[in-house]
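The values are calculated or read from the model by the stated rules, or taken from the named source; none is laboratory data. Just so you know, these numbers come straight off a predicted model, no measurement behind them. All Cβ positions, glycine included, derive from the backbone under ideal geometry; neighbour counts span all protein chains shown. For the accessible areas, the whole protein counts, side chains as well, though only heavy atoms, and no ligand, DNA or RNA atoms are used. Shrake-Rupley method; radii C 1.70, N 1.55, O 1.52, S 1.80 Å.
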Amino acid sequence: MARRAATDSRVHRTRRLSQAPRRATEKDDAGSIPIDTVEGFVHRATLAFATSVHRTEIFMIQSSPRLSRWAHVAVALLAACGAAGVAAQEAYPQKPVTLLVSYPAGGSVDVTARILQGPLSKELGQQVVVDNKGGAGGTIATAVVAKARPDGYTLLMTLSSHTINPWIYDKLPFDTSKDFVPVSLVASTPQVLVANPAFPASSLTELLATARASGTPISYGSAGVGSPGHIAGELMRMKSNTKFTHVPYRGGGPATIAVLGGEIPLLWVSLPSVAQHVKAGKLKALAVSTLERAPTLPDVPTVAELIPGFRVDAWNAIFVPAGTPPQIIKRLERAVMDVTRQPAIKQALLEQGAVAVGSSAEELDKVVASELQLWQTVAREANMKAQ
């Protein structure tokens, strides 16, 4: 009889434990906190976790009377861990965020990153630290981010060469399709063909005529093998049936210094890298790569006006390592979108020749998928390979 009474007591206690959380859950679910808010997410996550914890406790009590005394200890530990996890996700970011720029200072990616740095820091509530790691067509910084902890504290700011590099490098220490998650396409940056003032040609028409008449190929520089400027130069060579020699540099900044100093006569580069030099008369702008003329340089014609169908669009975008929690990606996406919509940021980018975009992560994902296919074809036809 005593054993039966003890069993009945445990069953009665188990029933009380199993009923309590259900009543609490039903009462809480009837509340008015919307699910699409941070508060609603945390509220429901906490309820789900609490239900799971209670079920664990019940199982331990039912399994063995000896386990019942440890049930409350286990529940307390689980609850503490769960609460800490929810709080950490809700509070992101809790420390400075590193924005790794894949090209050296002075190039279009760096210019865009510096314009975003202050407003993005304010939007996130933590300092955004810009760190330049240029070289190898942007693949050095990209490899670092691919191996970084997916916790939202190491971001990649790179150029559209991100979708070109897989087809020109025999081996990369990362997988462009699998090792990164898109956050936002920040800005669109037309490529521009500029010349040193001492170079005789002052228009694209004159340049192509000079190239056809020349017995030796004319050199042009770019921000590196596989950069959008390299793509533009090779397409110009192929479509105009002329001879040019590509001279790669370790970013738009060093390439700009080279053409300013007369080291190379021509340069295909993102407009933000040279916009101020063109306006100051230190460089001659011969053409832009987009279908429409750049708002910053409305008097400079497009290549397509002379070579129909010519088009090279470039962009600057932010990525994070694969495995980064969706809530953090959404937080970053929203912050970038909000910053790029600010009139002052739009104007600052426009003055440098870039157009603010601030896309969603999903939109950037579609751009990456589309361009991976496009540039594979171009790289093969132009026989582009990194040395």
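A few remarks follow.
- LEU185, sole failed condition from (1) touching a Ser or Thr at 6+ places or on another chain (Cβ under 8 Å); (2) open to solvent by 10 Å² or more (accessible area, probe 1.4 Å); (3) free of Cβ contacts under 8 Å to residues at least 60 places away in the same chain: (3)
- Extreme residue, modelled with the lowest pLDDT, among residues of region 124-146 that are of a type outside the set (A, V, I, L, M) and part of a helix (DSSP H, G or I): GLY137
- The residues of region 219-245 that are in contact (Cβ under 8 Å) with a residue 60 or more places away in the chain and polar (S, T, N, Q), listed by number, are SER227, SER240.
- Single match in THR324, THR340, THR296 (criterion: among the polar types (S, T, N, Q), open to solvent by less than 30 Å² (accessible area, probe 1.4 Å), in contact (Cβ under 8 Å) with a residue 24 or more places away in the chain and more than 28 Å from TRP268 (Cα to Cα)): THR324
- For ARG149, the stated conditions do not hold, so it cannot be described as surrounded by fewer than 18 Cβ atoms within 10 Å (Cβ to Cβ), touching a residue at least 12 places away in the same chain (Cβ under 8 Å) and either assigned to a helix (DSSP H, G or I) or more than 23 Å from the chain's Cα centre (by Cα) (or both).
- Condition met for VAL355 (open to solvent by less than 10 Å² (accessible area, probe 1.4 Å) and hydrophobic (A, V, I, L, M, F, W, C)): no
- Region 93-113, residues that are among the charged types (D, E, K, R) and over 15 Å from the mean Cα position of the chain (by Cα): LYS95
- The combined condition, being in contact with a Leu (Cβ under 6 Å, 6 or more places away or on another chain), more than 27 Å from LEU349 (Cα to Cα) and touching a residue at least 40 places away in the same chain (Cβ under 8 Å), is fulfilled by LEU306.
- Output for region 107-137, where each listed residue is among the β-branched types (Val, Ile, Thr) and surrounded by fewer than 19 Cβ atoms within 10 Å (Cβ to Cβ): VAL129, VAL130
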